[in-house]
1. Look at Glu36 and say whether it is without any contact (Cβ under 8 Å) to a residue 24 or more places away in the chain and of a type in the set (Asp, Glu).
2. Does the range 36-57 include one or more residues that are closer than 17 Å to Ile256 by Cα and part of a helix (DSSP H, G or I)?
3. Among the residues of the range 3-16 satisfying the criterion of being touching a residue at least 12 places away in the same chain (Cβ under 8 Å) and surrounded by fewer than 19 Cβ atoms within 10 Å (Cβ to Cβ), which is farthest from Thr125 (Cα to Cα)?
4. What number of residues within the range 61-84 satisfy the criterion of being modelled with pLDDT under 95 and among the hydroxyl-bearing types (Ser, Thr, Tyr)?
5. Under 8 Å between Cβ atoms, which residue pairs at least 6 apart in sequence (or on different chains) link something in the range 191-211 that is without any contact (Cβ under 8 Å) to a residue 24 or more places away in the chain with a partner that is away from ligand 2 (no atom under 16 Å from the Cβ) and of a type in the set (A, V, I, L, M)?
6. Mind telling me which of the residues Glu328, Glu320 ends up being assigned to a loop (DSSP other than H, G, I, E, B) and not hydrophobic (A, V, I, L, M, F, W, C)?
7. Looking at the range 171-195 only, could you name the residues that are over 26 Å from Leu240 (Cβ atoms) and at pLDDT 90 or above?
8. Kindly list, by first and then second residue, each pair from a residue in the range 262-288 that is over 17 Å from Leu240 (Cα atoms) to a residue that is in a helix (DSSP H, G or I), limited to pairs with Cβ atoms under 7 Å and residues at least 6 apart or on different chains.
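The values are calculated or read from the model by the stated rules, or taken from the named source; none is laboratory data. Bear in mind the structure is a predicted one, so any value in this text is a computation, not a measurement. Virtual Cβ from ideal backbone geometry, glycine too; neighbours counted across all protein chains shown.
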Amino acid sequence: MDDLVRETLRGNRRALSRLLTYVENQREGAAQALAELFPQTGRAWVIGVTGSPGTGKSSLVNALAKAFRAQSKTVGIIAVDPTSPFSGGAIMGDRIRMRDLAGDKGVFIRSMATRGSLGGLARATRDVIRALDAAGFDVIFVETVGAGQSEVDIVRTAQTTVVVEAPGMGDDVQAIKAGILEIADVLVVNKADRPGADNTVRALRTMLEMGHPAARAQLTSHHGQLMPPAASVNGSEETLWIPPVVRTIALEDQGIGDLMAALESHRQHLVEAQVLTNLERQHIEIELYDRLQAALMARLLKTIPSNTFTDFIHRIQTRELDPQTAVEAILALPNQPM
Ligand SMILES: Nc1nc2c(ncn2[C@@H]2O[C@H](COP(=O)(O)OP(=O)(O)O)[C@@H](O)[C@H]2O)c(=O)[nH]1
Ligand SMILES: [Mg+2]
């Protein structure tokens, strides 16, 4: 394991792959390896890419990876999307395009197994991001289907979040349903070659104006009224970021330059407005909380026979106990670790 850590830090891709397998399966030594890697983390730019299946996330990540490679940046790609071409579910055209990246030593692609609980997946994703970060990748993409809270949790690990939409995905803008619009730093309307792209752009802009405080402020000033500076967060002067809406045709590399520019200006915003420091503190807080919760739960479960649970479930179902009283009763059982 020490060798794997050392080799990973030296940029050995095979060592990194093996280490990630240990990490994903939480094998013995994985926690120690992550602890050793940790001091070398915190350098990568983590970009989350989320949106409904088929909107073109993988195609966009592919195009963006090429663009970053053209700037001599190394790129790690983590596909949490089970339908992703990166994770093997590729149709022929995608496989051919992925060849642009295959064989490039500056690109590392890893698909996350989606088995197990999504909570566990969020944790494993964080660990994999850290390992790639420590291995020295400049930019790390995390592609995930924006289907619910668990995916939002995964995306929260990122510093920049891209929400991808496509025209003709239904009457409603999909992201709104999933509640992921709030977390978007950059919105992409991909498949701009398809009819309805204008409508999708317009719908997103309307949503932003209604729902986003920054966009609302801008809208007001746009109408000639001066707004006081936005309320500061944590006492620091954070400038507001208004998510831009970018049109792309990922398959033809169209709009990728604009998207790169949007990403870069968000990155600049993070650094200059010192948002990054606050963001990282927030991420650490969430992670610590998650891990503590998981650890306490595991510790608790160790002390309680499984038939006790079955018994409580039965008593709740028969209305003998309400769920909250059951929780109190479980915590009051003898041999509690707390
Ligand atoms: N017409 C059109 N098709 C696209 C575009 N981008 C991706 N696609 C196609 O849309 C499908 C889904 O793309 P994919 O990147 O796998 O989407 P994901 O599920 O969001 O990762 C594939 O068949 C792509 O070739 C685009 O800009 N225009
Ligand atoms: Mg995909």
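1. On the way: without any contact (Cβ under 8 Å) to a residue 24 or more places away in the chain: no; of a type in the set (Asp, Glu): yes.
For Glu36, the condition - without any contact (Cβ under 8 Å) to a residue 24 or more places away in the chain and of a type in the set (Asp, Glu) - is not met.
2. For the range 36-57, residues closer than 17 Å to Ile256 by Cα and part of a helix (DSSP H, G or I): present.
3. So, considering only residues that are touching a residue at least 12 places away in the same chain (Cβ under 8 Å) and surrounded by fewer than 19 Cβ atoms within 10 Å (Cβ to Cβ), the one farthest from Thr125 (Cα to Cα) is Asp3.
4. 2
5. If the second residue must be away from ligand 2 (no atom under 16 Å from the Cβ) and of a type in the set (A, V, I, L, M), the pairs left are Glu209/Ala215; Glu209/Leu219.
6. Values: Glu328 fails: assigned to a loop (DSSP other than H, G, I, E, B).
It is Glu320.
7. The answer is Lys191, Ala192, Asp193, Arg194, Pro195.
8. Glu287/Arg126
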